[in-house]
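The values are calculated or read from the model by the stated rules, or taken from the named source; none is laboratory data. Please read all numbers here as calculations on a predicted model, not as lab measurements. Cβ sites come from the backbone with ideal geometry, for glycine too, and all protein chains shown count toward neighbours.
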Amino acid sequence: MYFTKVKKVVRHNKKVSTLYFDLKIASYPGQFVMLYLPGYEEIPLSLSSPSSVTVKAVGETTQALVMADEGIAVGIRGAFGNPFSPSDKALIIAGGIGIAPMKYLYDFLKKCGADIKVIYGEKSEGDLIWTDEFENLIITTEDGSAGIKGTVLDAVNKEDLSRYSRIYACGNSEMLKAVYGVLKKAEVLHKAEFSLERFMRCGIGVCGSCVIENGLRVCNDGPVFPATVIGNL
Ligand SMILES: Cc1cc2nc3c(=O)[nH]c(=O)nc-3n(C[C@H](O)[C@H](O)[C@H](O)COP(=O)(O)OP(=O)(O)OC[C@H]3O[C@@H](n4cnc5c(N)ncnc54)[C@H](O)[C@@H]3O)c2cc1C
Ligand code: FES
């Protein structure tokens, strides 16, 4: 583990902040770090850029990170895990804080000249972040306060999925299950990659706490998996 300073904190809303580190982590989009805030648990967080994580408060550690002050020191292990594969015509599907790794992916693919569409769903307008950062963006909100009323599914169902060379998805397991079903029906699963989340302890394939149904470890074999490998989530 190495320690770095948090040089900047952007508070997107009450529940979500981006913490920028004093260093650039050698990484690719989709990889995660194990982050240790002294006094709290070490937790896995996807990189939202080579030098940042974007955190949503769901428990004690994430709440402390969302409220963290600039200048604090955090311990980092990683980057770990398998990244997303590059593509030239990309559809990015993100639900909730699943937008964090997708921001890094979007910026990376954009630099490579890719044609990218982003479908991003949240519960309500106030939960959305980075809406000015994506050129070709379709928003969905469950309460209809912004974009299409509904979930990302309502937007995905309107897409001609055959025009994309790669489809990337990250969100809660309910969302991923539903997206999996739509992609399977459209016979495009072979070009889809899903980023999964599971409870993690070691982050390096040793402890077994992140094993999924087919015996794969999310930390080592993922967190990004070809959709054809994960089967029924
Ligand atoms: C590879 C990976 C990348 C992740 N990237 C991000 C990210 O970029 N931004 C972000 O905000 N969060 C991310 N998470 C989730 C984050 O690790 C958890 O929210 C965090 O560990 C919760 O810690 P806590 O102490 O605040 O809450 P806890 O008290 O541990 O848990 C609070 C609630 O969150 C649930 N929870 C805890 N851990 C997870 C988990 N891993 N997946 C789903 N639910 C969980 C618990 O069941 C409980 O309901 C990622 C998780 C993984 C495995
Ligand atoms: S977190 Fe220990 S094996 Fe994956």
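Candidates in segment 31-60 are the residues that are surrounded by fewer than 17 Cβ atoms within 10 Å (Cβ to Cβ) and more than 14 Å from ligand 2 (Cβ to nearest atom); of these, the one that is farthest from Leu105 (Cα to Cα) is Gly39. Looking at segment 60-164, the strands (runs of 3 or more DSSP E) lying wholly inside it that each contain 1 or more residues that are farther than 22 Å from Leu37 by Cβ and under 15 Å from the mean Cα position of the chain (by Cα) sit at 89-95, 115-122. Residue pairs whose Cβ atoms lie under 8 Å apart, separated by 6 or more positions or on different chains, with the first residue in segment 38-54 and modelled with pLDDT of 95 or more and within 6 Å of ligand 1 (Cβ to nearest atom) and the second part of a loop (DSSP other than H, G, I, E, B) and of a type in the set (Gly, Ala, Ser), are Pro44/Gly203; Ser46/Gly30.
The number of residues in segment 157-196 that are among the hydroxyl-bearing types (Ser, Thr, Tyr), buried (at least 18 other Cβ atoms within 10 Å of the Cβ) and more than 16 Å from ligand 1 (Cβ to nearest atom) comes to 2. Only residues that are within 23 Å of Ser87 (Cα to Cα) and surrounded by fewer than 19 Cβ atoms within 10 Å (Cβ to Cβ) were counted in segment 197-233, giving 5.
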